[in-house]
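Here the structure comes first, spelled out in structure tokens, and everything after it is commentary.
Since every read-out is calculated from the coordinates, none of them should be taken as a lab result. Quick caveat, the model's predicted, so the values are computed rather than measured. For neighbour counting, all protein chains shown are included, and Cβ atoms are generated from backbone atoms with ideal geometry for every residue, glycine included.
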Amino acid sequence: MAYQDLNADSVKTYLLENTHLFSKNARLQVYEIGDGEDDGDGYVNFLYRVWDEKGKSVIVKQAKTYYRAFEEGVGPFVRERNFLEAKNMDIRHAINPRWIPKIYHVDRDNHLYVCEDKKDYKVLRFELMRGMPLPHIAKQLGTFLARNHFYTSEYYLDATVFKELQSTFMNPQMRLVFEYALFLPESAIDTGNERFLESDPQRVAMGQAPWQNEALRVELLKLRQLHMHCAQCLVHGDLHTSNVLVSEDNRMAVIDMEYAYMGPFSSDMGYLIGSYFYEYLRWFYLETAYGKEFCARYREKVLADIRSIIDTYSDVFSEVWDRDAKSMYRKYTDLRDWVMTNYMSEMVGYIGCQILSRVGGLVPLPDFDTLPDQADQLDASRLALNTAYYLILHREEIGSSTQLTDVFQRMARQYRQVKKVVMG
């Protein structure tokens, strides 16, 4: 089949002619995801929600050689990534079917797949930004990550199968994005796109300042070596709160896995907790709109969620190890504990890397950018970057989820105390 560059009109014809998902005489409607403010980041993908008059709907995702928000030819994006993502989703669906959309159709020639539409779900990032309670989501996230990581690791898989998984999910072009963006200051993409050049120059300058510290650069390069060479399991690769969907009845779905590769257990959790940290900081600046009491309660809720995600991961990982690890590993609980100790310190470092790259980069950050006062946006960015610096340099001193959230609280308290003195 010749490659078809689909758009909101031609995707309807494609589905009717190449799949059996709708009747041939169905009257289809299409919405291009990414055009709405609550659609998520929407910088990379070409996604379409398609539905018929009976309400049946699917998601179509087509990969192209460039970011959705950038011009043609920008970035190391290969169209074949969608085929790899579909395989990844099938693997994860087999491990955790309740949390992964089901794949209906894969077209390798057209670099697209069609999957289940979680149409009643909303983006986790924006629900947290609204102060929604979201009970049980934290435990689901911890369980999802622990099960996916363990069951794609060599502690469970046959050694040959594990090596085949490593070979299949090298994903060199896509992982290159994060190998630079997370760990190297020379990572900014010259897009020529005005949307990305509108970033506040003060925020960008703040983001560049930490890179001048040699001690920090050395620690970032150590973490980069881990990121590049430690292939423990199949990781999501881009697990932030815009790639998690939640429903009103506390169901969850994880999406957008085109950056998946074989990497360290710690990287997904670090990236996710970095996103949660933004929500903790955000609620310091909304007291006028929501009241001091609500904001304080929600900050505590976010910290409790962070602890729950991390602790659930540890509990579930230990549980499945004790039950399902290969016999050569199962009884050696000291090995399991060593794995989890390393995981914790590495994860703390990755949190810092996520903050440093996202807060100090050119890409918009809705959690801060939607704060009403620009001075608050910059203040939150400054506090986040200070915390990132501390986490990277002191990651081996933080051995538990409670110690981590204590650091978050202490850094925020000290920053605000200093600011109060300086401001008089």
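Can I get the semi-axes of the chain's equivalent ellipsoid? Compute them from the C-alpha gyration tensor as square roots of 5 times the eigenvalues, in angstrom, largest first. Mind dumping the intermediate values first?
Details: eigenvalues 222, 149, 92 Å².
Equivalent ellipsoid of the chain: 33, 27, 21 Å, largest first.
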Residue order, fewest to most beta carbons within 10 Å, for His20, His240: His20, His240
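Suppose every K and R has +1 on its Cβ and every D and E has -1 on its Cβ; what is the size of the dipole of the chain about the Cα centre, in Debye to the nearest 20? Provide the component values of the computation, followed by the final result.
Values: 50 positive and 60 negative charges, 161 e Å.
Using only the charged Cβ atoms, the result is roughly 780 debye.
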q = 0.10, 0.11, 0.16, 0.21 Å⁻¹: log10 I(q)/I(0) that the Debye formula gives for the stretch 192-316, counting C-alpha atoms only: -0.47, -0.58, -1.17, -1.34
Unsatisfied cross-links (Cα-Cα over 29 Å) in the set Lys61/Lys122; Lys118/Lys331; Lys64/Lys119: Lys118/Lys331
Those aspartates and glutamates that a straight Cα-Cα span of less than 20 Å connects to Lys420, excepting residues fewer than 8 apart in one chain: Glu287, Asp373, Asp376, Asp379
Residue with peak Gaussian network fluctuation, the chain [Cα springs, cutoff 10 Å], from Leu404, Leu216, Leu385: Leu216
Highest average packing first - 99-106, 279-286, Cβ atoms within 10 Å: 279-286, 99-106
Order of Glu127, Glu17, Glu85, Glu300 - criterion: other Cβ atoms within 10 Å of each residue's Cβ, fewest first: Glu17, Glu300, Glu127, Glu85
Sorted by Cβ density within 10 Å, fewest first, the residues Thr168, Thr312: Thr168, Thr312
